[in-house]
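To start, the structure under review is shown below, and the notes come after it.
The values are calculated or read from the model by the stated rules, or taken from the named source; none is laboratory data. Computed from a predicted structure; not experimentally measured. Positions of Cβ are generated from backbone atoms using ideal geometry, with glycine treated the same way; all protein chains shown enter the neighbour counts. Heavy atoms of the whole protein, side chains included, go into the accessibility calculation; ligands, DNA and RNA do not. Shrake-Rupley method; radii C 1.70, N 1.55, O 1.52, S 1.80 Å.
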Amino acid sequence: MIEVTLKINGKMYTRKINPMLRLIDFIRDEIKLKGTKEGCGEGECGACTVIMNGKTVNSCLVLAASANGAEITTIEGLSNGDHLHPIQEAFIEVGAVQCGYCIPGMILSTKALLDENLDATEAQIKEGISGNLCRCTGYTKIVEGVKIAQKKIINSQEGD
Amino acid sequence: MFEFNLNSKKVVFEEDINFLEYLREHANFTSVKNGCGEGVCGACMILVDGKPTRACILTTSSVSGKNILTIEGLSQFEKEAYSWAFAQAGAVQCGFCTPGMIISAKGLIDNNSNPSKEDIKAAIKGNICRCTGYVKIIEAIKLAATCISSGKIIIRKKFSGKIGERIPRIDAKDKILGIAQFVDDMKINDMIYGSALRSIYPRARVLSIDIDEALKHPDVVAIITAKDIPGNRFIGHIVKDWPALIAIGEETRYLGDSVALVAAKNKQSLTEIKNLIKVTYEELKPISSPAMAMKASSPKIHESGNILKVERVKRGNVEEAFKNSKYVLTNHYSLPFTEHAFLEPESALALPDGEGITVYTGSQGIYDEQREISELLGLPKHLVRTISKYVGGGFGGKEDMSVQHHAALLSWYTKKPVKVTLSRKESIIVHPKRHAMEITATTSCDELGNITAFKASIVADTGAYASLGGPVLQRACTHAAGPYRCPNVDIEGMAVYTNNPPGGAFRGFGVTQSVFASECNLNLLAEKIGISAWEIRYRNAILPGQVLPNGQIADNGTAIKETLVALKEEYEKHKYSGIACAMKNSGLGVGVPDFGRCKLVIKDGLVHIRTSAACMGQGVATITSQIVCETTGLLPDDIIVDAPDSFLTPDSGTSTASRQTLFTGEATKLAALKLKERLLKNSLVELESIEFYGEYQGITDPINSSKDHPISHVAYGYATQLVILDNDGKLEKVIAAHDVGNAINPTNVEGQIEGGVVMGLGYALTEDYPLINSVPKAKFGTLGLFKSKDIPEIKTIIIEKNTSDLAYGAKGIGEITSIPTAPAVQGAYYKFDGKFRLKLPLEGTFYRK
């Protein structure tokens, strides 16, 4: 067992863990944040995407131990109580959610993309979420959702 | 004796009492709130001769001769304007101050139609709000003033929930927040974990199972084998041929077969414990194709033999028609197994519940699970409760038992809550796939391109177990000739057992395969005649009143031609455009009992919609909500959709055959009509605890009906899809025109079409599930699933012309979205490089070598 400390959604968590424990298990089972989903366990589907130090990672491919000291954002860290993040609002408005299993990961990839490049073009959006598989929507409404999110974020910044 | 006008009515009252008490207790105007009773808070604000005044500091004597107005006395327009403006601005939180606030606003606006922010602040200075910080209330009053002075309400975000409205999905927010609970997200005190030890050979005789070493593991709770099953070991929705566990002496039939079940204190130990179980096998050569299985010398996979089902659809005389036709052509097509790859792997959680058991699942039909589990455990159904959590995609792949029965067995045996979740690797191996099929198809036509006959032989690889192989084969046969006038058909199908994973339900249900053959044939015929692929379809497309290839007469809502017309211009405009049509039934049809059921229950002033209809992402809960809104005039906020629960929600059948919107939709409408009648005289609150039940049965004729024109299905959806390639042979655009009857929620319909099209594109170009000697070779990363950057522009066109009042004219949309895509892609590539491809996934394209 080794001791690790991770900052998840702004809160520090220290746990003694098996060195082989994956980050996704740390998040789901130790911290009990169930928004992060396991779709394939082999880094293909992106359902377990979280943001680690500003970059998206497949949390099924990262050992919790190697994330020691890292700052992690999961889907639970995006909204503020009942107040949704603009990406979340946009996904609802446009109907980008069907079964919903890919959505937390999809939203985090979107966030990481827009944090880096708020003006991403359609091609860049598609590239940005290309690590996230969705089997329901055909991606069209997801891409639309990202575009609406861009506008919402830009508008809110102008509002400031 | 005191007289005054209250909301324009003359009132005479004997006593001199506090006016707030009078309003609430005697006049029953409860909009007027008692916040402090001492004239400070303003929650009891009323208009006295147009002036906002606190009721709590008035008496019946002091208002004598005056005109009094409360919220109840606002005009309908004012009520709407204020409530819209307050909702729109988000000015309502706890809501207690709101009526008084609106009265103050009215007092202002009646005298000043364009108040400034300062005016508003002054007007509500006597009203206290502890929730909102006033900002949104000021905004709301500003909005209300605009509405009232213009006499118009600009409704942007208020939803009536009526049919055709793009209301946001009711579950979207939970899902967006990540708080929507899927089974694997559940945790229950004292919960343990379960997993199946699977066969290591597709076909082998199990000689012995030694669990002694494994039982010594410190984390083991129980290990069970076939002999521990209390009820019927064999399960299956239609044919009971699938053992929950393979017994000693029995043969395994595919790699997903389970030999033992392990329950452990923690997830991590499951693999260690399974590795300690010693199973000895006699390895046998797998029967890895229908051709092998059909040989007379082939060993029998099941006692009944290797043929699961033979199906024949015959009308007219094809041989005669071929003789008399100008053009006749035959091709052989090969279609692969494909994997659903829903994003949520299978998971179930079972726990003891009194004398019975409760199982939380995420599948396509809780009553299927209840039936299978009760038979397996030898328990009466009423002791098996199945409850659905959110379902992370299904597409047909969550119709059979995969984990539910194992979780139930382990829980029954250990008397503990047990969760069984498949790894992705297991999921890919275990649940039934889209059938691989070999199809020989012959189509003939006259010199004008009128189809004269269609003949096909279909051999479906139904794998190790029946699953839904029988009905899938039947739909493949009944729909093979497409939505065309074709007087002579002879389609013969056979579903054959092999040692491959079971073939089962998958969006399109066999039609995806058979229509690929018939549609591709049409392109070649068109070329021979010298007309376009669009033209040959248009000339043959079925019109209302004409006879479909299965003998049924197309109803008045049939709009296949309209879907073709919608795409004509685009088809002709592009050099490399491929086109294909399809029809797909809604409902089980062919005489199989098929019910939609819904119960509406009024609780705490809200309508609870209760049906067992599984939402695996298609949005049926939003649909039933809109049907209740449409029927009763209630608003989405008045409605709660309860989760499917075999103890609470009536059996509305499986989410299969594109049936829920029509069947459960109609049942919901019938229940809502009863509610509507009561609402004429009663408020929701007065109807507390009353239940309104609706049931709809789709009556159809059996498959072997002797009628000339049997009604095989209650409704069919129709579609035409157009696939356009660019000059490099890459997908440029897909336009999908769908006759959906009537779109209850157009956003949902678009979502289904877009998702189905991409699945169809994958089927055409990239998706595969290769097997070597019955061993699946695919990993999640090699299934060939389309990613976002692979997709072209997708445009959807919704055609609504249905006149039926069943479920407000809705027809199914789930499956048909994936059916015409692959042949349209094939046609586009034929135009692009002149290669007529006979196999999926298409070879030699930009997407695959």
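Overview of results
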| read-out | value |
| --- | --- |
| Approximate spin-label separation B:Asp174-B:Val685, in nm, with each point projected 7 Å along Cα-to-Cβ | 2.7 nm |
| Residue mean of other protein chain beta carbons inside 10 Å, B:754-767 | 3 |
| Rg [Å, one decimal], Dmax [Å, integer] - the protein assembly as shown, C-alpha atoms | 31.3, 106 |
| More than 54 angstrom apart: percent of Cα pairs within chain B | 25 percent |
| Shielding score for B:789-795, defined as the mean number of other chain Cβ atoms within 10 Å | 4 |
| Ordering of B:801-812, B:750-761 by burial proxy (mean other Cβ atoms within 10 Å per residue, highest first) | B:750-761, B:801-812 |
| Fraction of beta bridges assigned by DSSP in the protein assembly as shown that are antiparallel (%, nearest 5) | 75 percent |
| Beta bridges per DSSP with both ends in chain B, % antiparallel, nearest 5 | 75 percent |
| Calculated FRET efficiency for the pair B:Gln268/B:Asp210, C-beta based, R₀ 25 Å, to 0.05 | 0.60 |
| Charge dipole of the protein assembly as shown about the Cα centre (unit charges at C-beta), most positive-ward option of B:Pro487, B:Val262, B:Ile451 | B:Ile451 |
| Protection proxy ranking of B:346-352, B:826-832, B:770-776 - average other beta-carbon atoms within 10 Å, highest first | B:346-352, B:826-832, B:770-776 |
| Built amide H within the under 5 Å cut-off of B:Lys603, gap 5+ | B:His608, B:Ser689 |
| Given charges at beta-carbon only (K, R positive; D, E negative), |dipole| of segment A:2-77 in Debye | 220 debye |
| Positive-pole candidate from B:Phe836, B:Ala247, B:Trp534, dipole of the protein assembly as shown, charges at beta carbon | B:Phe836 |
| Contour excess over end-to-end distance, with Cα ends at B:Ser62 and B:Lys707 and 0.36 nm allotted per residue | 224.0 nm |
| Gained length - B:Val547 relative to B:Lys789, 0.36 nm times residue gap less alpha-carbon distance | 82.8 nm |
| Protection proxy ranking of B:409-420, A:89-100 - average other beta-carbon atoms within 10 Å, highest first | A:89-100, B:409-420 |
| Computed accessible area, A:Met20, all protein chains, 1.4 angstrom probe, square angstrom | 140 Å² |
| Calculated FRET value between B:Glu282 and B:Glu303, using beta carbons and R₀ = 25 Å, to 0.05 | 0.85 |
| B:Thr386, A:Thr14, reordered so the largest accessible area comes first (probe 1.4 Å) | A:Thr14, B:Thr386 |
| Estimated dipole of segment B:19-74 in Debye, rounded to 20 [Cβ of Lys and Arg +1, of Asp and Glu -1, Cα centre] | 120 debye |
| Cα-based Rg / Dmax (Å) for segment B:2-73 | 10.7, 29 |
| Extension gain from A:Lys32 to A:Thr14, taking 0.36 nm per residue of separation minus the Cα-Cα distance | 5.1 nm |
| Label point at A:Gln124 placed 7 Å out along Cα→Cβ; residues across segment A:94-116 whose backbone nitrogen lies under 11 Å | A:113-116 |
| Reach of B:Lys573 by Cα under 22 Å, taken over lysines that are not fewer than 8 positions away in the same chain | B:Lys528, B:Lys561, B:Lys730, B:Lys733, B:Lys795, B:Lys831, B:Lys835 |
| About the Cα centre, charge dipole magnitude for chain B (Lys/Arg +1, Asp/Glu -1 at Cβ), debye | 1260 debye |
| Proximal lysines relative to A:Lys11, as straight alpha-carbon distance under 17 Å, when same-chain residues fewer than 8 apart are discounted | A:Lys32, A:Lys34 |
| Cross-link pairs B:Lys162/B:Lys789; A:Lys152/B:Lys669; B:Lys173/B:Lys419; B:Lys51/B:Lys142; B:Lys274/B:Lys398; A:Lys141/B:Lys455 - those with Cα-Cα distance over 29 Å | B:Lys162/B:Lys789; A:Lys152/B:Lys669; A:Lys141/B:Lys455 |
| Nearest-0.05 FRET efficiency for B:Ser457 and B:Glu355, computed from C-beta distance (R0 60 Å) | 0.70 |
| Most positive-pole-ward Cα, B:Phe86, B:Pro432, B:Gly741, against dipole of the protein assembly as shown from beta carbon charges | B:Pro432 |
| Estimated distance in nm for a label pair at B:Leu448 and B:Val565, the labels positioned 7 Å out from Cα along Cα-to-Cβ | 1.9 nm |
| Nearest-10 value in Å² for the accessible area of B:Phe337, using the 1.4 Å probe | 10 Å² |
